[in-house]
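To keep things clear, I will list the structure first and then write my remarks on it.
The values are calculated or read from the model by the stated rules, or taken from the named source; none is laboratory data. What you see is a predicted model; the values in this text were computed from it and never measured. Virtual Cβ from ideal backbone geometry, glycine too; neighbours counted across all protein chains shown. Side chains included, ligands, DNA and RNA excluded: accessible areas come from the protein's heavy atoms. Shrake-Rupley method; radii C 1.70, N 1.55, O 1.52, S 1.80 Å.
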Amino acid sequence: MDEARPTSGAQAHGLVPLFPPGLQAIYGECRRLYPEQANPLQVTAIVKYWLGGPDPLDYISMYRSMGCPAQDIQEHWHYVSFGLSDLYGDNRVHEFTGPDGPSGFGFELTFRLKREVGETAPPTWPAELMQGLARYVFQSENTFCSGDHVSWHSPLDNSESRIQHMLLTEDPQMQPVQTPFGTVSFLQIVGVCTEELQAAQQWNGQGILELMRGVRVAGGPWLITDMRRGETIFDIDPHLQQERVDQGIETEGSNLSGVSAKCVWDDLSRPPEDEEDSRSICIGSQPRRLSDKDTEQIRETLRKGLEFNSKAALPPINSQRQSHERPPSRKDSLESESSAAIVPHELVRTRQLESVHLKFNQESGTLLPLCLRGRLLHGRHFTYKSINGDTAITFVSTGVEGAFATEEHPYAAHGPWLQILLTEEFVEQMLGDLQELNTREETKLPKEYSWPEKKLKISVLPDSVFDNPLQ
């Protein structure tokens, strides 16, 4: 269990007389913002992580921010973590690597929570939320960056709130600090509704954060989370979806590069009784396993995307690094988003297929227009990875390098991984034919779409087909 208590300089951290330089640097930045709050209420791990405790964050300080009336920024509680960066420099938690790189993981978490009328002390539930995110970082060694999203699938405060997911952005006030153990930046957690998370997944996190900054009740310039907020930014301003999000996807493309989904594919080029048919991903067949190299590549692609049909305690993380670290280009590469290049495993040959049948459940099928418009028309790729086995379906455009599907052989399989190369002309044709999938309302299933001249068929089927494949 954690305990909340006021702090008092070095003694408050149980470190007398030495005040660790990493901790002192972060504390100094907090003192810059809150010089009158030298002893903030603090949640601290009773048993430190480096002594075998479960919580990676040694401390979480909680400050009362008066906001900024001139900018119409409301009063709120401001939480700051201590422990994702290297506080001590003695290898007890993080490997000491010197002052030139990042300190520890290179960042600390912050959170701004609206202060309710009559509230005299900050709620402590955000501290556990921050510990949960920190445990994910320590266990997975995946770091966060601005624009990332976290699919939490539960009210952040365990209430009945619509705020059930998170985006991450730079803290609007806290500046990066230089410590003897490296640099530390401050990433702020922003609570969002499901509809806002989905928009961030399908477009990009930075775009949604910017929209929220313009809506006071959704956060305003400092992105203050209000757990009692009952309306999404799209409820407040219905024009935002079409004029900003949909238009953004149209012009900039989507950062969503893959999803875990209910899907299968059939090779219509071979009769089902062909024992040499390695399509194996047909319903009712025994799947052949992906090679380690292919599995790693798809995992890296999906790490940047959304995980459907899953309620993990710690969520998939969507990285926005791709769009912010390199100039826009219509030429994407499967190799650029993976630690492993596409090199066919010597024991699993790549096969060219003449005709294929793709099958998706409704949730996955509704993403097909986004896949085509937001990814392929921008020279990118999109992967569906089955949650029921090793099946994977990757759509690629002619601008993607490293694909084993080509314009001459647009359907190619590497074990249970199918790649489909679609020309821009065919993508435009498919978008017209799949237009009804854009609706947010459930449609009557099954739905079938066929392009005989391309030898391609797509079916959108009920979940029961995938949940009970042998029936």
Self-check item: Subset of the range 20-40 [assigned to a helix (DSSP H, G or I) and open to solvent by 10 Å² or more (accessible area, probe 1.4 Å)]
Solution: Pro21, Gln24, Ala25, Tyr27, Gly28, Glu29, Arg31, Arg32, Leu33
Exercise. Answer yes if at least one residue in the range 138-150 is outside any loop (DSSP other than H, G, I, E, B), in contact with a Pro (Cβ under 6 Å, 6 or more places away or on another chain) and either of a type in the set (Asp, Glu) or open to solvent by 10 Å² or more (accessible area, probe 1.4 Å) (or both), and no otherwise.
Key: yes
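Residue-by-condition table, conditions (1) crowded, with 22+ Cβ neighbours inside 10 Å; (2) more than 21 Å from Val460 (Cβ to Cβ); (3) of a type in the set (Phe, Trp, Tyr):
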site	(1), (2), (3)
Thr394	yes, no, no
Thr398	no, yes, no
Thr406	no, yes, no
Leu421	yes, yes, no
Phe426	no, no, yes
Gln429	no, no, no
Gly432	no, no, no
Glu436	no, no, no
Practice problem: Tell me, yes or no, whether the range 71-79 has at least one residue that is in contact with a helix residue (DSSP H, G or I) (Cβ under 7 Å, 6 or more places away or on another chain), open to solvent by less than 10 Å² (accessible area, probe 1.4 Å) and at pLDDT 95 or above. | Solution: yes
Quiz item: How do the strands (runs of 3 or more DSSP E) wholly within the range 399-471 filter down when requiring 3 or more residues that are more than 14 Å from Val356 (Cβ to Cβ): which remain?
Solution: none
Quiz item: Hey, among the residues in the range 143-163 that are touching a strand residue (DSSP E or B) at 6+ places or on another chain (Cβ under 6 Å) and not hydrophobic (A, V, I, L, M, F, W, C), which one's farthest from Leu209 (Cα to Cα)?
Solution: Thr143
Exercise. Would you tally the residues in the range 222-266 being within 30 Å of Val465 (Cα to Cα), of a type in the set (Gly, Ala, Ser) and not in a strand (DSSP E or B)?
Key: 2
Quiz item: Which of the residues that make up the range 41-70 are part of a loop (DSSP other than H, G, I, E, B), surrounded by 21 or more Cβ atoms within 10 Å (Cβ to Cβ) and without any contact (Cβ under 8 Å) to a residue 60 or more places away in the chain?
Solution: Asp58
Exercise. State yes or no: is Thr391 touching a helix residue (DSSP H, G or I) at 6+ places or on another chain (Cβ under 9 Å) and of a type in the set (Ser, Thr, Tyr)?
Key: no
Quiz item: Would you pick out the residues in the range 176-219 that are in a loop (DSSP other than H, G, I, E, B) and buried (at least 23 other Cβ atoms within 10 Å of the Cβ)?
Solution: Phe181, Trp203, Asn204, Gly219
Quiz item: Hey, does the range 101-117 have a residue that's closer than 26 Å to Phe19 by Cβ and of a type in the set (Asp, Glu)?
Solution: yes
Quiz prompt | Selection within the range 233-255 - touching a residue at least 40 places away in the same chain (Cβ under 8 Å) and crowded, with 21+ Cβ neighbours inside 10 Å | solution = Val245, Ile249, Gly253, Ser254, Asn255
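Each row is one residue, and each column tells you yes or no for (1) under 18 Å from Cys263 (Cα atoms); (2) modelled with pLDDT under 95; (3) of a type in the set (Asp, Glu); (4) touching a Gly at 6+ places or on another chain (Cβ under 6 Å).
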{"site": "Thr394", "(1), (2), (3), (4)": "yes, no, no, no"}
{"site": "Ala403", "(1), (2), (3), (4)": "no, yes, no, no"}
{"site": "Thr406", "(1), (2), (3), (4)": "no, yes, no, no"}
{"site": "Ile420", "(1), (2), (3), (4)": "yes, no, no, no"}
{"site": "Glu425", "(1), (2), (3), (4)": "no, no, yes, no"}
{"site": "Leu431", "(1), (2), (3), (4)": "no, no, no, no"}
{"site": "Arg440", "(1), (2), (3), (4)": "no, yes, no, no"}
{"site": "Pro452", "(1), (2), (3), (4)": "no, no, no, no"}
Exercise. Restricting attention to the range 26-73, report how many residues are of a type in the set (Phe, Trp, Tyr) and under 29 Å from the mean Cα position of the chain (by Cα).
Key: 4
Quiz item: Only one residue in Leu376, Leu358 is crowded, with 21+ Cβ neighbours inside 10 Å, part of a helix (DSSP H, G or I) and either modelled with pLDDT of 90 or more or not acidic (Asp, Glu) (or both). Which one?
Solution: Leu376
